[in-house]
Structure formats: structure tokens, C-alpha cells
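The values are calculated or read from the model by the stated rules, or taken from the named source; none is laboratory data. The model shown is predicted, which means the values in this text are computed figures rather than measured ones. When we count neighbours, we look across all protein chains shown, and the Cβ atoms used for this are built from the backbone with ideal geometry, even at glycine. Remember, those area values only see protein heavy atoms, side chains included, never the ligands or the DNA or RNA. Shrake-Rupley method; radii C 1.70, N 1.55, O 1.52, S 1.80 Å.
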Amino acid sequence: MSDEISKELFERARKVIPGGVNSPVRAFRAVGGQPIFIREAAGAYLTGADGKRYVDFIGSWGPMILGHAHPAVVAAMQDAIGRGTSYGAPTEGEIDMAQTIVDAVPSIEMVRLTSSGTEAVMGALRVARGFTKRDLIVKLEGCYHGGADYLLTKAGSGLATFGVPDSAGVPAAIAATCITVPYNDLEAVRAVFKERGAEIAALILEPVVGNMGCVPPGTGYLQGLREITKQHGALLVFDEVMTGFRLAYGGAQARFGVTPDLTTLGKIVGGGVPVGAYGGSREIMEHIAPVGPVYQAGTLSGNPLAVAAGLATLRVLRDDKTAYDRLEATSASIEAAIVSAAKKANVTCVVQRVGSMLTVFFTDRKVRSFSDATSSDTKAFGRWHAAMLEAGVYWPPSQYEAAFVSLAHDAETIRIFENALAKAFATP
Ligand code: KE4
């Protein structure tokens, strides 16, 4: 039974917000149907406008690793809000937040807070350009790094050509400062650096990709990128906005043992409230204003309320010594449930998971690159997504996104999930 209240809210929203949403993927255009408007959330559950409860596998696209309305986060925000919401002046909480990130992330000696992942990426790549005095950025096809113009590009024809705009409004000259090559292809990266290495400031990637669906790095791939960038004097930037504090307390770089020059963070570091961050060595980071010549600023950067939520979240992850083991166990159960249900229904799909992020690809092959990902049957995914939603499971509304498991997912949520899978895989 569809949510009539959400339908009415969507009609109203579309009159005053482009597409009725404040971020495109929420509009369900990739899967069809109507978006569910959410009234509240707690633990592993979302409650829709009509009161229907859903097991949540979006987790606000990553931040909600503790589950929604975690008591420690709620208490920290309630305590902070009584002292005001923003001062535009430094606070002790920002020092605690910075120190916590420095202590956790291997590549970070100094860190600057922002209000989004996009801003963190923009800051990191600007300081990479300022530090190396080079202009070009290399990105990998299928990775998404937020809304900066020069990163909204797709691969031009051929390998080492410049990017072409992937969004209206991005000038060709700006897009041309970014070269896009396929993910998991070290030869393609070697070729780009052979041809243009002296002009390349940085290579940025999601160390485990979430934005073409969950695609892990091939064996030796991250180490190979580390060697190639070092050889050519370019900086290696791990965009850990999604994987930071998700795949391990130290992020993907701790899990895979490869240390980049710069790291971007977001999502979990804000605990569901707007916080982004970028960090690296003191030598690089002291190129940023007011110490150095690279300008980057933000009215609400380090906002006391957002820092309170983020710090409470990181402290739970730091102090709960079995958190990541429990997350791994629950995520493995969820993966096994999908594989078993698909097999029972004789449905061809591939489940790819790293830690507590995973994707169900409706394809018959291992997905190692964006071209593999686009072999997926997105219509079959759309039908499956709608059936899961009807059965009370809110899965990310796009084949090219990762789902997220939280510490609040438990045996009851897995039972609901298994029942939904049986129905969804039976849906033709
Ligand atoms: P924000 O500006 O949305 O906070 O972060 C941008 C960003 C940067 N880097 C990575 C690896 C990211 O995944 C993101 C944002 N992720 C998307 C979901 N895949 C956010 C959801 C949305 O755009 O609505």
C-alpha cells in the first residue's frame, strides 16, 4: 500500500523545491515510484509520513553508523544547544575533534573542518595544487567526490584525454583540468602520468568505491597508485568521506595499509550533522590560510552543535572495542541473507561488500569498474527496490549506490530483511 501522505507532500515539495528534493538521488528517479517522506528515525528504523516503519539501509548515505538518535549523540547535542548554536569564533570542541581525527587517521597530522564532504574535497585539492604548484587532477571513473565543478566530469574519449563536463553549467575549460581514467586499471594511470605527470597535482579516489555501487580495489591497486603518484611528485588523495570511520576506525587507509598524502572526511565525522574535514601532513596543511597562501574558509566550519554530534559519534566508535567486529558480523549476515534468497529464487545478482557497505548488482559478473557496473539491469534493480520498500525495507534508491549497516541493525532487523528478500526476489 503506497504512502498517500508522502505523495501529497511530494506534490507540495515539487512546487517550491527543484524535483521536490534537496539532493537529486532522494527523488527515486533511478528506481521509479514516489519518494517516502520521513517523519522520524530511531536505531535501525525510519518512520514514513504515514507512520509505516522501515528498516533503514541508507543511514543518511553513511553518517548513521551508530543508528539514528543514538543516546550519546542526542545528549551531546542537547547539552551543546543550550550554549548557543554558532559563534564564528574558535571553540575547545574543535580542538578535541581535530585531535580525535589526528589520533585515528594514519595520514593526518593536521586537519581543517568544513560543513560538507564537497567542501572538504575542494579544500584538499586546492591545497594539493597550491603545494605542488601544478594544476591537473586525475580522478577515476565511477568515483564521486561531491559538487565541485572540475570533478563533475566524465572520461573524454580515449584514456589520457581531459574530462568533459558531466553536468550543465561546468565550463569546458574547468572540466579540462581533470583527467578521468578507469578504476582498477593501473596501466591507465601509468599512461596518464607518463604523458602529463609533470602537470598533475593530485590523484583522488574513493579507496573503496561506494558511488558506482560498492567496488573494492583490486589486489595491489592502492599500493600501485601510492607508488605512481610518489614517483611523479603528485599527491595521493583518499576521499574517505564515505569510508572514513566506516571501514575501520582509521578508515580504508588503516584497513588496507596504504597511507595517502591527504584524506577527506565527512558523513560519520558529523554523526548526521553537517561536518566535513580534510587533513594531511603538517608540511602540506600549513599551506592553508591563515598560515599559508591557500585560501579556504566557512561560516559554519567547526560549528559547535555539529562538532558535538560528530565528537560523540567518534568517541562511541573509539571506546566500544567490539563495535567494528559486531558491525562486520551483522553485515556478513545481511550479505549471506541476500545471496541465499537470490539463489533460492534463482535470480542472478552479485553482492559486493566491504565491511558495512554493500551493493546488490543485478548483473552476472564481478563489478571491478564503472563499465562493469553499467552492465547491471537497473530495471530489475528498480523492481527489487520497490518490492523491498513495500515489504518494509528502505534500500538506497539507485543501483549505483552503497547500502550501509549500522550498529543498531540486529536479529529483528535481519528477520524483517529476510522476509522482504523472499518477497522481493519472487517479484518478476
Ligand atoms: P557531501 O558534499 O554530500 O557531504 O559529500 C560529497 C561526497 C564526497 N565524497 C564521497 C565519496 C561521497 O560519497 C560524497 C557524497 N555521497 C553521496 C552519496 N553517494 C551523498 C548523497 C547525496 O548526494 O544526496
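Brief remarks on what is shown
- When 299, 259 are checked against the criterion of being open to solvent by 10 Å² or more (accessible area, probe 1.4 Å), touching a Lys or Arg at 6+ places or on another chain (Cβ under 8 Å) and farther than 22 Å from residue 72 by Cα, a single residue qualifies: 259.
- Residue pairs meeting the criteria (Cβ under 9 Å; at least 6 apart or on separate chains; first hydroxyl-bearing (Ser, Thr, Tyr), in segment 60-80; second surrounded by 19 or more Cβ atoms within 10 Å (Cβ to Cβ) and at pLDDT 95 or above): 60/41; 60/68; 60/267; 60/272; 60/404
- Residue satisfying all of: in segment 229-252; assigned to a helix (DSSP H, G or I) and within 18 Å of residue 139 (Cβ to Cβ); nearest to the ligand (Cβ to nearest atom) among these: 252
- Listed by first and then second residue, the pairs linking a residue in segment 205-225 that is in contact (Cβ under 8 Å) with a residue 24 or more places away in the chain and farther than 16 Å from residue 353 by Cβ to a residue that is open to solvent by less than 10 Å² (accessible area, probe 1.4 Å) and in a helix (DSSP H, G or I), with Cβ atoms under 6 Å apart and 6 or more places separating them unless they lie on different chains, form an empty list.
- Per this entry, residue 138 is counted among residues that are in a strand (DSSP E or B), open to solvent by less than 20 Å² (accessible area, probe 1.4 Å) and of a type in the set (A, V, I, L, M, F, W, C).
- Segment 329-340 residues that are farther than 10 Å from residue 409 by Cβ, paired with ones that are assigned to a helix (DSSP H, G or I) (beta carbon under 8 Å, 6 or more apart): 337/414; 337/417; 337/418; 337/421; 338/421
- Members of segment 262-275 that are surrounded by fewer than 24 Cβ atoms within 10 Å (Cβ to Cβ) and either within 18 Å of residue 401 (Cα to Cα) or within 11 Å of the ligand (Cβ to nearest atom) (or both): 274
- Qualifying residue in segment 30-38 (condition: more than 13 Å from the ligand (Cβ to nearest atom), surrounded by fewer than 21 Cβ atoms within 10 Å (Cβ to Cβ) and hydrophobic (A, V, I, L, M, F, W, C)): yes
- Which listed residue is under 14 Å from residue 112 (Cα atoms) and in a strand (DSSP E or B), from 299, 263: 263
- Selection of helices (runs of 4 or more DSSP H) fully inside segment 342-428 by the criterion of at least 1 residues being under 27 Å from residue 24 (Cα atoms) and among the hydroxyl-bearing types (Ser, Thr, Tyr) returns 370-373, 378-390.
- Selection status of residue 76, open to solvent by less than 30 Å² (accessible area, probe 1.4 Å) and farther than 20 Å from residue 248 by Cβ: yes
- Residue match in segment 279-293 (condition: under 23 Å from residue 153 (Cα atoms), open to solvent by less than 20 Å² (accessible area, probe 1.4 Å) and not in a helix (DSSP H, G or I)): no
- Hits in segment 393-428 (condition: of a type in the set (Ser, Thr, Tyr) and either open to solvent by 30 Å² or more (accessible area, probe 1.4 Å) or at positive phi (or both)): 400, 427
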